[in-house]
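Notes for the one structure printed next.
The values are calculated or read from the model by the stated rules, or taken from the named source; none is laboratory data. Given the structure is predicted, the values throughout are model-derived calculations rather than measurements. Glycine gets a Cβ as well: all are built from the backbone with ideal geometry, and neighbour counts include every protein chain shown. Side chains included, ligands, DNA and RNA excluded: accessible areas come from the protein's heavy atoms. Shrake-Rupley method; radii C 1.70, N 1.55, O 1.52, S 1.80 Å.
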Amino acid sequence: MKNLKLIRADLPNRPLVQYGSYALKALNDNKDPGIDLLVREAVQNSADAALKNSGTVSIDFDYREFDTLKLRGILDDEALDRLKYLNHGGSKGISLEIRDTGTRGLGGYSSLSKVPTDEDGNPYEENFGNFIKLTQCIGQAQNQVGAGGSFGVGKTVFYRVSMAPVMFYSRFKEDNGTYRERLIFCFFEDQTEKYRKYSLLKNPTGFAWWGEKQVGNDETPPCEDETKIQGILKKIGIEPFLKKETGTSVFMPMLRKAQLPTAPQGENGDIATDPYWLPYSNSSKIEELIKRHSDYTKIALERWYAPRIDNPGYAKGAKLQVRVNGRKVTHSLPLFKAIKNLYNLAENPDDKENPLFGKAKLLEFPINSTFADNDRSPGRLAVIRLPKYDLTGEDGTEPSANIQLENHVADSKLTTHKPIIGLVRKPGMIVSYEREGPYVSGIPEDNDHFLVGVFVLRGDARLESKFNPIGDGEFNLEEHVRRNEPPAHNKWEEEEKIKETGFQPTFFNALKRGIRENIRRELYNETEVTNAESNVSALASKIAKMILPSGFGTVQGKKRSGTRTSDPSKLKRDTILIRTGEPTFLSGNRLKIGFNINTGESNAPIGAKRNFKLNIYASNENSGISHEKWEKELEGGADFPFEFAQIGVAKSTGEKGKSAALGHNIIGTGKQIKKTLEVILSMYEVTFITEKRKEELEGEIEIKVRDNGFLPLLKITEV
């Protein structure tokens, strides 16, 4: 038999090298189970690689028992001995192959040393190709327009799930019409000393590859000898691609344990009941474990790709046909059927064959100062209030919508239902299900209904040039949102600094506000919304009492005359009022607070300027001490506990009720003048200068906290 041995290359320690420990931490903000992360990444990789004008991409997830002794003679013995040690002396486990066809395969250059370079010797990124991007460049940003990823760290999920080196085998067609194959094993791990006992590679960087031959000191191109590749595949039981097939097989020979979700502790210490697709079992039998993995993978595929899998209504790329251990994935759970139908309705509002036609609301709203064309809509929201029993199947035997979405409900006393809003852009993956926070705050919860919605981004909308991070040229909304997703691609809220001005567009804040306010207005009456806001405020207060000192984040309003009230419509003459929302706690000892300032009425002449000062005070009781008094009394002692870090003023409403979007966003210190409002930000004071005789301002302010032993108090006065 032909020699099947592959050559191992370990990435050496050198300046600016990336380490396995860092790469593995890139997705740490995502708390989803490993199978969910794997499904999100693997399906998106396949979808992005669809052949041009391809009608369908087929993806297979196959779990089976595998004996790693079959890798003897292919990988180095030292790594396989360590693998057996890490598997408690056993060589058998569960393997997973993810295989796609109807895709381009892993073409392009086989190694970085072959990529054309510029005059300084730097390789041209656009020439890397699929193979290098997937197997060589962890952290390499996605540059394909409309693609699912951006930060290039999602591929780390293969090594989180697999405790053995991962095989990438692919067949692709070159420009000259010939078909080629290549195969490589890759692995990386946390290389830090405290984990050395549990490491497979035992090298200083945590990266290694197994390929055909070593180039230079640290690069191993893939095996491209088709006879050798066929021998390797036959030995480990992987089917080769045949005839004119192109695609990629990712084979994980031994999965780590704990990739499935586990039931949490209930309020009384009891274990919540798992749904039927995740049967509670302590069995270590491989057959039982394979069934559990297979069943859960099918649910995870429905959960994250409901808009695209088995959906003839998806029209933004190739259709996806997915199988798990030979079973076709369809929309078996009622919630995900509803998600698919809502997506289709948002994309095609005139489809009378849609089961939700005439029942769901279709909402659109403008976002000002954002788009280059006249259409100011960021997308379309299809939303409906469904009786909870509509989401448990016709016979009522399916688990509740909460369990379908989150796998369990730890608190059996839960009676009200949070909203379910899915965010989707072109790739057709649900980026996130928003159930709490700024997208849905103030939306009522009730006992008998679920609010279910899908927001579909209008990705081809052209943005104003200020949003383009690389200068002039067309830049669309799809790219802006994609570039601002975090590495886990699980939310829309990051914002980039634009050019050298430090300006940050406020698109995401406006999107959140537009979604929640339109839902509240169109699907609920005023009483329901008022009660919901009261409940949110009460909950926020309860949380604050649990995790913060008494009075933290409270706000005082100061008036020149009249009485203070929380209802702006009942303000008396010359009253100044500030109201704030629930604080959001950020990294780096910062907090962010949304504010609403009502300047009250004035008899000043039209056009006369009014001057307001917003100051921050430090307090550990009910009164505050100013920065000036702090400095005077402490005479060079500890720094003042707080500092204004950033302010954004998004909206201004005048005395006649007309609203205008504002682009004020000041980071650090400085000032901006826009329309009739000037905003000046210093470390401890914000000045608002307005020409309006009565005005309501909405925005957010970010505060840097130096000492958690004191409470920030905000006070506003008219000068």
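So, in region 325-342, how many residues would count as being buried (at least 22 other Cβ atoms within 10 Å of the Cβ) and either modelled with pLDDT of 95 or more or not in a loop (DSSP other than H, G, I, E, B) (or both)?
Step one: list which residues in region 325-342 are buried (at least 22 other Cβ atoms within 10 Å of the Cβ), which gives 333, 335-336, 338-342.
Within this subset, residues satisfying the condition of being either modelled with pLDDT of 95 or more or not in a loop (DSSP other than H, G, I, E, B) (or both) are 335-336, 338-342.
Number of matching residues: 7.
Residues that are under 26 Å from residue 84 (Cα atoms) and open to solvent by 10 Å² or more (accessible area, probe 1.4 Å) within region 239-249 comprise just one, 239. Scanning region 371-402 for residues that are touching a Ser or Thr at 6+ places or on another chain (Cβ under 9 Å), open to solvent by less than 20 Å² (accessible area, probe 1.4 Å) and more than 23 Å from residue 417 (Cα to Cα), we see that the one that is modelled with the highest pLDDT is 378. Scanning region 651-695 for residues that are open to solvent by 20 Å² or more (accessible area, probe 1.4 Å), modelled with pLDDT under 85 and among the hydrophobic types (A, V, I, L, M, F, W, C) turns up 660, 661, 667, 673. Just wondering, is there one or more residues in region 78-87 that are surrounded by fewer than 22 Cβ atoms within 10 Å (Cβ to Cβ), farther than 21 Å from residue 188 by Cβ and either touching a residue at least 40 places away in the same chain (Cβ under 8 Å) or in contact with a Pro (Cβ under 9 Å, 6 or more places away or on another chain) (or both)? Within region 78-87, none of the residues are surrounded by fewer than 22 Cβ atoms within 10 Å (Cβ to Cβ), farther than 21 Å from residue 188 by Cβ and either touching a residue at least 40 places away in the same chain (Cβ under 8 Å) or in contact with a Pro (Cβ under 9 Å, 6 or more places away or on another chain) (or both). Number of residues in region 94-151 that are assigned to a helix (DSSP H, G or I), of a type outside the set (Phe, Trp, Tyr) and modelled with pLDDT of 65 or more: the value is 9.
In this structure, is residue 238 in a loop (DSSP other than H, G, I, E, B), at pLDDT 90 or above, touching a strand residue (DSSP E or B) at 6+ places or on another chain (Cβ under 7 Å) and within 27 Å of residue 286 (Cα to Cα)?
Criteria met by residue 238.
For first residues located in region 375-391 and free of Cβ contacts under 8 Å to residues at least 24 places away in the same chain and over 14 Å from residue 344 (Cα atoms), partners that are crowded, with 21+ Cβ neighbours inside 10 Å and not aliphatic (A, V, I, L, M) and lie 6+ apart or on another chain with Cβ distances below 6 Å do not occur.
Would you check which residues across region 431-470 are part of a loop (DSSP other than H, G, I, E, B) and of a type in the set (D, E, K, R) and list them?
435, 436, 445, 448, 458, 460, 464
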